[in-house]
Amino acid sequence: MSLLRRAAPKPAVATATRRFASFSPKELEAYRGKIAADLTGLSAAARASLDAKAKLLEWDTPAASYSAVTFPKPPAPGASKEVRAAYTECMVAEQAWLDEKLSAAKAHLTKLLASKVPNGPETARRMASFSDPECAQVQQYIAQLEHDSGLAHKFDIAKWKPPVTVAVTGAAGAIGYSLLFKIASGEMLGPDQPVVLSLLDLPTSMDKVQGVMMELADCAFPLLHGMGGFSDARAAFEGVDYACLVGATPRGPGMERKDLLLKNAEIFAAQGKALNAGAPGAKVVVVGNPANTNCLIGMMNAPDMPRANWTAMTRLDQTRAEGLLAAKAGVSVNAVDRVVIWGNHSATQFPDISHATVGGKWAKEAIPDEWYKSTFIPEVAQRGAAIIKARGASSAASAAQAAVFHVRDWALGSRGKWASMGVISNGSYGIGEDLVYSVPVVCYPGEYRRVGGISIDPYAAQMMEATRKELIAERDAIKHLLPK
Ligand code: NAD
Ligand code: LMR
């Protein structure tokens, strides 16, 4: 997309130049490669045509101060925060400069018309603005600026945040096929958050990854500012802000999720190490099963990362529970609040409605206890298996949606709503330590806090203990993968 821009001074570059002092040599090189090159990459023809236009117009801006450039190239996966911030500055400067030129050009046209048709009626002026050669030139220039400014304003780029990089593993798989498009559309991180996607899968799946990237490109998502496909975790995770660890084998009919433990555990040990080395500040959601223990393995293999940055997804269990409860109560899901998923994303999980409300009433008062204990809890806990039986494949679109809800709340805040997440246990709720156990949290942009002061009745305590014991057994089974 070609835009007009003042060659000197270049506001974005001037700001970025001030930043050079804080750039590492590697970042500086990356910055120069990705952005500065764009600003100097003018074709001689483009420069000549703009100079000619500027000469013709001859108002406040001298000819030499015009140039034509393209939008700066989007940062590649792995670009530093500084490079991404400089990129956004360039975009914003582009928009501001176009606005300024547009109003100057319009003011110039008004002045020009006033001198050519001093006392004429409005229609005469309008006609002159197209028929008079001098005015027509200005009109043409205004049209060009309006077109370019329209492009810049179409997506309100001045309000965009610097891009963030999101890694998705298992990018060629079923969940990846839904999740990547949701992230690129802005559904996960918001309509003002450009994203760069880093797609990781096995070397044997690289053709599929290419195909997914072709489709992502074909969607022309305004917020998708770059993407890359990788078969090497270290390269894929370099500098990422978020990592959705989806890639792992799913279970088949008749299997429990923990049957995947030994098969998938090595993946998460390796990916924990790779994130620790390349993106120690990343926020991670583990989706691949068995999600809680895989998350523990990844976290323990990433000693430099805050443990709070590692989470396992139990949001799908939460949304399943909310849907089922709403259907039973005959209300919309929006009327259901504070359902909690405790423990493991497995058949032992405890979907708890003791604190839930349905249409403003306590769920426990609105729902028969018998249905809660003998239908609701097993149905939520076995929903994954029921879907595998019905579809012949495990849940994919609903899992992607749950990952979007999980990260969206974490990144942008849950506005006071409770969300369930597998997080590292810290002794609260009698869970003990060093287990990734699902608990209720409230999210604030960029962080989550466990919901405190919740009463736990004897039934809940017994259910919570059963799922805790299963997590301890899973942890024992992969002890060899946890660094001493
Ligand atoms: P899938 O088989 O369709 O895709 C998995 C992808 O992961 C494949 O493309 C595969 O090549 C890739 N992969 C395997 N090992 C990898 C590695 N080391 N690095 C990168 N990529 C790798 O499976 P799916 O339906 O997308 O499910 C993925 C995982 O998510 C499964 O373990 C499934 O059980 C789990 N899951 C979890 C939840 C949840 O609520 N937590 C919900 C649904 C599915
Ligand atoms: C689910 O809950 O749908 C996933 O964990 C897939 C599975 O194995 O049940």
Among the residues of the stretch 139-162, is any in contact with a Phe, Trp or Tyr (Cβ under 8 Å, 6 or more places away or on another chain), within 16 Å of ligand 1 (Cβ to nearest atom) and either modelled with pLDDT of 95 or more or closer than 23 Å to Pro77 by Cα (or both)? no
With criteria (1) assigned to a helix (DSSP H, G or I); (2) within 16 Å of ligand 2 (Cβ to nearest atom); (3) surrounded by fewer than 19 Cβ atoms within 10 Å (Cβ to Cβ), Lys273 comes up short on (2)
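Please state which one of Ile424, Ile472, Ile387 is more than 16 Å from ligand 2 (Cβ to nearest atom), free of Cβ contacts under 8 Å to residues at least 60 places away in the same chain and closer than 19 Å to Thr314 by Cβ. Give the steps one after another, and end with the answer.
Values: Ile424 fails: free of Cβ contacts under 8 Å to residues at least 60 places away in the same chain; Ile387 fails: more than 16 Å from ligand 2 (Cβ to nearest atom).
Exactly one residue qualifies, and that residue is Ile472.
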Met255 meets each of (1) more than 21 Å from Ala400 (Cα to Cα); (2) in contact with a helix residue (DSSP H, G or I) (Cβ under 8 Å, 6 or more places away or on another chain); (3) within 14 Å of ligand 1 (Cβ to nearest atom); (4) not in a helix (DSSP H, G or I) with one exception, condition (2)
Of the listed residues (Ile431, Ile456), the one being more than 18 Å from Trp310 (Cβ to Cβ) and in contact with a helix residue (DSSP H, G or I) (Cβ under 8 Å, 6 or more places away or on another chain) is Ile456
Of (1) within 22 Å of Gly254 (Cα to Cα); (2) surrounded by fewer than 20 Cβ atoms within 10 Å (Cβ to Cβ); (3) under 30 Å from the mean Cα position of the chain (by Cα), Ser374 fails just (3)
key: Meets criteria (out of contact with any helix residue (DSSP H, G or I) (no Cβ under 6 Å at 6 or more places or on another chain) and buried (at least 24 other Cβ atoms within 10 Å of the Cβ)) for Thr293   = no
Evaluate the stretch 209-230: report whether one residue or more is open to solvent by 10 Å² or more (accessible area, probe 1.4 Å) and aromatic (Phe, Trp, Tyr).
yes
Exception for Leu199 within (1) away from ligand 1 (no atom under 15 Å from the Cβ); (2) surrounded by 24 or more Cβ atoms within 10 Å (Cβ to Cβ) falls at (1)
Within the stretch 384-397, of all residues that are near ligand 1 (Cβ under 10 Å from one of its atoms) and under 18 Å from Asn344 (Cα atoms), the one most open to solvent (accessible area, probe 1.4 Å) is Ser394
Of those in the stretch 220-243 that are of a type in the set (D, E, K, R) and not in a helix (DSSP H, G or I), the residue nearest to Asp207 (Cα to Cα) is Asp232
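Do we have Ala114 as more than 30 Å from Ala96 (Cα to Cα) and in a helix (DSSP H, G or I) here?
Numbers: more than 30 Å from Ala96 (Cα to Cα): no; in a helix (DSSP H, G or I): yes.
Against the criterion (more than 30 Å from Ala96 (Cα to Cα) and in a helix (DSSP H, G or I)), Ala114 does not qualify.
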Counting only residues that are under 23 Å from the mean Cα position of the chain (by Cα) and among the acidic types (Asp, Glu), the stretch 239-288 contains a total of 1
*Hey, any hits in the stretch 456-467 for a residue that's modelled with pLDDT of 95 or more, closer than 30 Å to Glu266 by Cα, among the aliphatic types (A, V, I, L, M) and surrounded by fewer than 18 Cβ atoms within 10 Å (Cβ to Cβ)?*
yes
*asked:* When you check Pro306 against the structure, is it surrounded by fewer than 24 Cβ atoms within 10 Å (Cβ to Cβ) and closer than 23 Å to Trp418 by Cβ, yes or no?
replied: yes
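Do the conditions hold for Glu474, that is, is it in a helix (DSSP H, G or I), buried (at least 19 other Cβ atoms within 10 Å of the Cβ) and touching a Gly at 6+ places or on another chain (Cβ under 8 Å)?
Numbers: in a helix (DSSP H, G or I): yes; buried (at least 19 other Cβ atoms within 10 Å of the Cβ): yes; touching a Gly at 6+ places or on another chain (Cβ under 8 Å): no.
No, not satisfied.
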When (1) acidic (Asp, Glu); (2) more than 10 Å from ligand 1 (Cβ to nearest atom); (3) touching a His at 6+ places or on another chain (Cβ under 7 Å) are applied to Asp317, the one that fails is (2)
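The values are calculated or read from the model by the stated rules, or taken from the named source; none is laboratory data. Please read these numbers as outputs of a predicted model, since none were measured by experiment. Using ideal geometry, Cβ is built from the backbone for each residue, glycine included, and neighbour counts are taken over all protein chains shown. When the accessible area is computed, the model is the full protein with side chains, heavy atoms only, and any ligands, DNA or RNA have been set aside. Shrake-Rupley method; radii C 1.70, N 1.55, O 1.52, S 1.80 Å.
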